[in-house]
Amino acid sequence: MSDKKSLLKNPRVIIFLLFLFGSIVAIHPSYTPGEGITTNLNFGLDLEGGSWLQIKLEGALAQIDVDSGKLVSGIVEPIIGAPIEITKNSLDVGGSVDKSVTFTTSAQVSASQLEALGTVSVDRLGGDKTQVTISDTSKEILVRTYLSKALDAEVVLMSTQKGFVYEIRTGVTEEQLQSLLEKVGGSIHKNGDGTSTYKEGVSSETRDLTRDILNDKLNSLGLKEIPVRTVGDEYILIDFAGIDLATAKEIAERPGKFEIRIQTTGNATEHVLYGDSIQSVGIPTYHDEQWHTPFTLKEEGARALQKIALETGAIDDPNSHYLMMYLDGVEIYGAPLSYSAASKLREGPIYSWEASTGTDEAAKTEATALQVHLRAGALPVNVQLVGSGHVDPNLGEKFKTAAVITGLLSLIAVAAVVYFKYRRPEILIPMVGTSFSEVIMIIGVAALIGWQLDLPAIAGIIATIGTGIDHLVIITDEVLYEGKLPPTKVFKSRIGKAFAIILGAASTNIIALSPLVVMGFGSLKGFAITTIIGVFIGVIFARPVYGVVIKEFLHVDENASITE
C-alpha cells in the first residue's frame, strides 16, 4: 500500500497547501458578536447594498472651417476696440513655413493685450498708425483661443486622419457653436455626404482621464474600493457599495484637496497654494531626456509661489528647498527648484511650470499619474448627474445568501454527477476537494488585491467550478484504464497528454475572455477577470496536485494492481 503521508512531502502538494492557507488568512473569516461572521472580502453593490450614480460628460467634438483673415479681425478688433487692416497673412500657407499675420490699426496696442494669440511685436508707424505682427501661431491655435475665451472652457486641438478636430470641454449645442463661429467668419465643417462633423460628447482620451481622476479622488478617501467605469464616450457609472445615496452624491461632488508646500528648514514645510490656483494641466511630454508634466498657475498662485520662494531663501539655495505636492494629505511628488526657475523667480512670478519625473518607463507612468493628481481639484470636463439609484442593504444581504447557496448547490450537483459516473469515493473526494479549494483560492486572491465581488464575479466563480471539474474528469479518464491505473511510466505519459488538452482548453478560455477585460464591458469585466483568475489557479496549482493525489488515493504500484 502506498504511504499517503508521502503526499505531504510532495513539493506540489506543499505549495498547494501553502497557497490554500494563505488564501484563508487573506479572507480572514471571524465571528464578531452583534455582527456575525465577518471577512476581509470587499462586496459590490449587488451583495452589499448601497447607491449608484450615472454622470454624463458634457462636451462637443467638431471640425471647423474658417477664413483666417476674418478670424483675426473677429478676435483682435473687440480686444483693441478698433478696426484693423491685414497687410500680410501666412496662416493659410501649408508646410513648415513660419506662420504669422501682420496688420495695421489706428488704435494704441500693447503686446500684453494680444499675448494669448502668439508672439506679439508692436511698431509705431507714421501718423496714428500702429503695426502689429503676431507670430508663432496658426489658424488652429487662434480658433482654439477664440472658442476657449468665448465659452470660458478648455478647448483641446486634436490631429486625426481626417484633419484637426476641436474638443470643447463644456456643454455647447451645434447651433450655439455655429453662431459663435459665424462671428469670426467660420462654420462647422461638413462631411462629404453633407452631414455635420459636430458630435456631442468627448474623446475617449478625455473620457478615460475623467474616469481616472474620479477613481483617484474617490479611492483616496479611505472608503471601500469604489469602481468607476465608463459607458460609451459620454457616461461614467460609479458604484458606492454600503453608502447611502445622499452621502454618495456628496462624495462624488467633493473635489480632492490638492496642495503645494515648500520646504523651509529641515523637514519643515510651508503652505504655498491649493488646487484652485492651478489654471490648467498639460499632457506629459518627453524632452531634455526627462519626462515632464506641465501645468499653469493662475495669477494669485504664481505670485504666492514667488513670494514664498523669496521669503524662504529658495531662490538662493534651490537644492535645499523642495516643492512638495500633496493630495488629501498624502505626498504625491517632491523635487527641488531648478536653478533656472529660481533665477526667474527673482525677477517675477512664473506661470508655466513643469514637474520632471525621470527618464525611464516608470517616470512616464509617474508623470501620467501626476497629471491625474494635479487635476484632482477639477475634472477636465463639466459633468451632469443624469441617473442615480439605491440598493437596500437587506436586499443585498439576500443576494449574498442566495449566491452562497447557489455556489454550494452547484458544487453538490457536480459531486453527484461525478459520483454517478465513477461510483468510487476515492475519486469523488479528491475531485470535489480540489474544486472547493480552487474556490477558496479565488476568493483569497480577491481579498488580497481588494477586488470587489459582485454577482458577475460570483457567476465567474461558479463557471470556474464547472470548468475545473471538466479538467479533472479529463485527467481521470485519461489515466484510468478499465478501472485500473497503468504503471508509473505509462501514467506519466497519459497525465502529460491530459495536461496538453487542459492547457489548450485553458488558453482558449483566457483568449476568449481577454477582450472583456481590455475593453471593459461594464459588469462583464468582473465576470471575465474572476474566471481568468480561476483558470490560472486551476492550471498552475490545482490540476497538478490532483494528478498526484488521485494516484495515491488509488494505490497504484508498478504492477498496475489496485489494493484495498
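How much FRET efficiency would the formula 1/(1 + (r/R0)^6) give for ASP244 and LYS489, where r is the Cβ-Cβ distance and R0 is 56 Å, rounded to 0.05?
The value I calculate is 0.30.
Could you tell me which of GLY334, ALA367, THR264 has its Cα farthest along the dipole of the range 258-374 towards the positive end, charges placed at Cβ (Lys, Arg +1; Asp, Glu -1), taken about the Cα centre?
THR264
For the chain, what is the mean residue ellipticity at 222 nm derived from helices alone (per DSSP H run of n ≥ 4: -39500 (n - 2.57); sum divided by total residues; nearest 500 deg cm²/dmol)?
Rounded to the nearest 500, it is -15000 deg cm²/dmol.
Taking the range 61-200 as the region of interest, what is the percent of Cα-Cα pairs per 5 angstrom bin, listed from the shortest bin to the one with the maximum distance?
Percent of Cα pairs in each bin: 2, 9, 19, 22, 18, 14, 9, 4, 2, 1, 0.
Which ordering of GLU478, GLU300 is given by a fewest-first count of other beta-carbon atoms within 10 Å?
Ordered from fewest to most neighbouring Cβ atoms within 10 Å, GLU478, GLU300 come out as GLU300, GLU478.
How far, in degrees from 0 to 90, does helix 299-312 lean away from the longest principal axis of the Cα atoms of the chain, to the nearest 10?
So the inclination is approximately 80 degrees.
Helix 68-80 against the longest principal axis of the chain: what's the angle in degrees, Cα atoms only, rounded to the nearest 10?
70 degrees
Could you give the angle, 0 to 90 degrees to the nearest 10, between helix 455-479's Cα long axis and the longest principal axis of the Cα atoms of the chain?
With both axes taken from Cα atoms, the answer is about 40 degrees.
Quick check: the distance between the Cα centres of the range 26-79 and the range 171-209, to the nearest angstrom?
Distance between centres, Cα-based: 23 Å.
Mind listing the phi-derived Karplus ³J(HN,Hα) values for the range 103-113, rounded to whole Hz, using 6.51, -1.76 and 1.60 with θ = phi - 60°, and x for any glycine or proline?
9, 10, 7, 8, 7, 7, 10, 10, 4, 5, 5
Assuming R0 = 45 Å, what is the FRET efficiency of LEU448 and SER112, from their Cβ-Cβ distance, to the nearest 0.05?
Efficiency, from the Cβ-Cβ distance: 0.20.
Going by how many other Cβ atoms sit within 10 Å of their own, how do HIS287, HIS373 line up, fewest first?
Sorted ascending by nearby Cβ count, the order is HIS287, HIS373.
If packing is taken as the average number of other Cβ atoms within 10 Å across a peptide's residues, how do 349-358, 526-535, 444-453 rank, most packed first?
The packing order, highest mean first, is 526-535, 444-453, 349-358.
Quick one: order GLU205, GLU361, GLU366 by neighbouring beta-carbon count within 10 Å, fewest to most.
GLU361, GLU205, GLU366
Testing the spin-label approximation: label points 7 Å from Cα along Cα→Cβ at TYR351 and ASP123. State their distance in nm.
For TYR351 paired with ASP123, the spin-label model returns 2.6 nm.
Using +1 at the C-beta of Lys and Arg and -1 at the C-beta of Asp and Glu, which of SER73, THR39, GLY59 has the Cα lying farthest in the positive direction of the dipole of the range 27-107?
It is SER73, whose Cα lies furthest towards the positive end.
How far is it, in nm, from the label point at ILE37 to the one at GLU205 when both lie 7 Å from their Cα along the line to the Cβ?
5.0 nm
Kindly flag which residue pairs out of LYS88/LYS199; LYS99/LYS162; LYS129/LYS344; LYS298/LYS364; LYS400/LYS551 have an alpha-carbon separation exceeding 32 Å in this structure.
LYS88/LYS199; LYS129/LYS344; LYS400/LYS551
Can you give the FRET efficiency for LEU17 and PHE536, using 1/(1 + (r/R0)^6), R0 = 25 Å, r = Cβ-Cβ distance, to the nearest 0.05?
So, using R0 = 25 Å, E works out to roughly 0.85.
Calculate, in nm to one decimal, what THR160 and SER514 gain on full extension: separation in residues at 0.36 nm each, minus their alpha carbon distance.
Stretched fully, the THR160-SER514 segment lengthens by 124.6 nm.
Provide the per-residue ³J(HN,Hα) series for the range 341-351, in order, calculated from phi with Karplus coefficients 6.51, -1.76, 1.60 and θ = phi - 60°, each as a whole number of Hz, with x at glycine and proline positions.
Computed from phi, the couplings for the range 341-351 are 5, 4, 5, 5, 5, 5, 8, x, x, 10, 9 Hz.
To the nearest 20 debye, what charge dipole does the chain have about its Cα centre, counting +1 at the Cβ of each Lys and Arg and -1 at the Cβ of each Asp and Glu?
Roughly 1780 debye for the chain.
What do you get for GluC sites (Glu not before Pro) in the range 58-133 restricted to DSSP loop and a cutoff of at most 11 other Cβ within 10 Å of the site's Cβ?
none
Give the residue from MET324, TYR274, ALA355 lying farthest towards the positive end of the charge dipole for the range 258-374; charges sit on Cβ (+1 for Lys and Arg, -1 for Asp and Glu) and the dipole is referred to the Cα centre.
Selected residue: TYR274.
Between ARG424 and VAL93, with labels modelled 7 Å along Cα→Cβ, what's the label distance in nm to one decimal, could you check?
Each label point is offset 7 Å from its Cα along the Cβ direction, giving 8.8 nm.
Only the coordinates and a few stated rules stand behind these numbers; no lab work does. Because the structure is predicted, anything quoted here is derived from the model rather than measured. Positions of Cβ are generated from backbone atoms using ideal geometry, with glycine treated the same way; all protein chains shown enter the neighbour counts.
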